[in-house]
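Novice: The structure follows.
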Amino acid sequence: MQSKEHWERVYTTKSENSVSWFQAHARQSVQLIAQTGVAKDASIIDVGGGASTLVDDLLAEGYRHVTVLDLSEAALEASRSRLGARALGVTWLAGDITKVELPERAYDVWHDRAVFHFLTTPEERQQYVTIVGTAVAPNGVIVLATFAADGPAQCSGLPAARYSADELAASFAERFDLVHQER
């Protein structure tokens with residue numbers, strides 16, 4: 001996993017909308033989460049959600065149990081500040097996803113559009129997969145975005161792993177089935 005210091009530096013030296021991955025609205029993620037069919041009271045965790053606007057969009061859509069996990073306190077603070085009083089209804093967790101202890105079977109939806117591709121060692125990826133397997137509820141779903149096999153080899157100046165849909169599916173095959181994939 002990349003260093004906390006790197007991400008703190010990114011989010012203390014750049015505004016949240018000046019990073020290359022900024023989206024004013026996380027429409028595709030919201031759409032994919034909605035397509036899972038989960039109820040508005042489903043428990044959703046956004047891993048690597050930091051300063052992302054996904055939390056804003058989920059709350060606007062009526063989802064009521066949202067957790068945002070990120071390595072960077074500064075990124076989380078940017079989201080809390082942007083949300084104002086609505087931030088009180090969100091669970092905020094700062095930590096390294098390969099080391100964090102999450103409650104067992106707590107999440108109906110695991111969303112990650114920003115972390116898995118930064119796990120560049122087999123050990124980090126296995127720790128992540130183990131945590132997903134423990135934290136996601138029975139019949140829960142994973143919405144996971146990474147760089148495609150022919151995608152960039154770096155992001156934010158850091159090395160990034162790249163995957164085909166089949167490679168991702170194989171990583172999680174012990175507990176999850178690939179239902180849908182998009183490029």
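Novice: State the percent of C-alpha pairs, over all pairs in region 122-183, separated by a distance greater than 15 angstrom.
Specialist: Details: 1035 of 1891 pairs.
Summing the P(r) of region 122-183 above 15 Å gives 55 percent of all pairs.
Novice: Net charge near Leu119, counting Lys/Arg +1 and Asp/Glu -1 over other residues with Cβ under 11 Å of its Cβ?
Specialist: Around Leu119, the surrounding residues sum to -3.
Novice: May I ask you to give the solvent-accessible area per residue for the chain, in square angstrom, as obtained with a 1.4 angstrom probe?
Specialist: That works out to 52 Å² for each residue.
Novice: What residues from region 81-113 fall in the zone where the backbone N is under 16 Å from a label point 7 Å along the Cα-to-C-beta line of Ala60?
Specialist: So the set is 82-87.
Novice: Compute from the Cα atoms of region 76-177 the Rg and the Dmax, the latter being the longest Cα-Cα distance, and quote both in angstrom.
Specialist: Both quantities, over Cα of region 76-177: 14.8, 42 Å.
Novice: While we're on this one: Determine the gain in length on full extension of the stretch Arg86-Leu178; use 0.36 nm per residue of separation and subtract their C-alpha separation, reporting nm with one decimal.
Specialist: Values: separation 92, 0.36 × 92 = 33.12 nm, distance 3.37 nm.
Between Arg86 and Leu178, full extension yields 29.8 nm more.
Novice: Which value in Å does the Kirkwood hydrodynamic radius of the chain take, with 1/r averaged over all unlike C-alpha pairs and then inverted?
Specialist: One decimal place: 16.5 Å for the Kirkwood radius.
Novice: Still on this structure, I have one more. Can you compute the helix-only [θ] at 222 nm over the chain? Use -39500 (n - 2.57) per DSSP H run of at least 4 residues, normalise by all residues, nearest 500 deg cm²/dmol.
Specialist: Values: 6 runs with 59 residues, N = 183.
Helix contribution divided over all residues of the chain: -9500 deg cm²/dmol.
Novice: Give me the distance in nm between label points sitting 7 Å out from Cα along the Cα-to-Cβ direction at Ala137 and Ser156, one decimal.
Specialist: Computed distance between label sites Ala137 and Ser156 equals 2.9 nm.
Novice: Same structure, new question: Within the accessible area of region 102-183, what % is carbon and sulfur when the probe is 1.4 Å and the other protein chains stay in place?
Specialist: 49 percent
Novice: When only the heavy atoms of the protein chains count and the probe is 1.4 Å, how do Thr121, Thr13, Thr67, Thr130 rank by accessible area, highest first?
Specialist: In descending accessible area the options line up as Thr13, Thr130, Thr121, Thr67.
Novice: Now a separate question. Taking amide H positions as placed 1.01 Å from N in the peptide plane, with prolines and chain starts having none, which residues 5 or more places from Ser164, or on another chain, fall under 5 Å of its amide H?
Specialist: Ala149
The values are calculated or read from the model by the stated rules, or taken from the named source; none is laboratory data. All values reported here derive from a predicted model rather than from experimental measurement. Positions of Cβ are backbone-derived with ideal geometry, glycine not excepted, and every protein chain shown enters the neighbour counts. In case anyone asks, the SASA skips ligands and DNA or RNA and just uses the protein heavy atoms, side chains included. Shrake-Rupley method; radii C 1.70, N 1.55, O 1.52, S 1.80 Å.
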